[in-house]
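Just below is one structure, and these are the notes that go with it.
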Amino acid sequence: MADIDLSIGQVARRTGLSVHTLRLYERKGLFASEVRRDSAGRRVYSAWDVEWVANCVKFRASGMPLATISRLAQLVREGTGNEAQRLDLLREHQRHITEQLARLNDCLELVNGKVSSYERHLADGASGDPWQQQPQPAATTGQ
């Protein structure tokens, strides 16, 4: 990525985060590099900073706590030699996401079933509330 200098407003527009959130991220130590300042004291970001923030947005969207992102950023700032620790953090979050996806898939199955039920109900012109209708027992054969 070309190293260009960006203002906090430009980074906000590129990442979809507010200026306030970017300042919060800096205070919480979520940047993987020190946020530079220009001669007037204004924050100056690199393209790599924007890429890092975009990763942080995805980490947050997937449920990673700010404290974990901060720890990961700290390890990155420290440089090489701690890759195993970084991997441990990422693997733990990977497990969290996998569990979250399993729960969401279970929820999706329920919703898909209800959508199908309502679609059949409406297509058949049936009466009553399909949510409260109990499944009909299977026909028994004479034994």
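Some points to look at:
- Among the residues listed as ARG43, ARG95, ARG71, ARG91, the single one being under 17 Å from GLN10 (Cα atoms) and among the charged types (D, E, K, R): ARG43
- Residue satisfying all of: in region 25-57; surrounded by fewer than 18 Cβ atoms within 10 Å (Cβ to Cβ) and of a type in the set (Asp, Glu); farthest from the chain's Cα centre (by Cα) among these: ASP38
- For ASP129: the one exception among (1) assigned to a helix (DSSP H, G or I); (2) at pLDDT below 95; (3) charged (D, E, K, R): (1)
- Subset of region 58-84 (residues that are in a loop (DSSP other than H, G, I, E, B) and either surrounded by fewer than 17 Cβ atoms within 10 Å (Cβ to Cβ) or at pLDDT below 95 (or both)): SER62, GLY63, PRO65, GLY79, THR80, GLY81, ASN82
- Output for region 12-38, where each listed residue is of a type outside the set (D, E, K, R), in contact (Cβ under 8 Å) with a residue 12 or more places away in the chain and not in a helix (DSSP H, G or I): GLY16, LEU17, GLY29, LEU30, PHE31, ALA32, SER33, VAL35
- The set of residues in region 58-80 being under 9 Å from the mean Cα position of the chain (by Cα) and of a type in the set (Ser, Thr, Tyr) consists of SER62 alone.
The values are calculated or read from the model by the stated rules, or taken from the named source; none is laboratory data. All values reported here derive from a predicted model rather than from experimental measurement. Every residue, glycine as well, gets a Cβ built from its backbone with ideal geometry; the counts of neighbours run over all protein chains shown.
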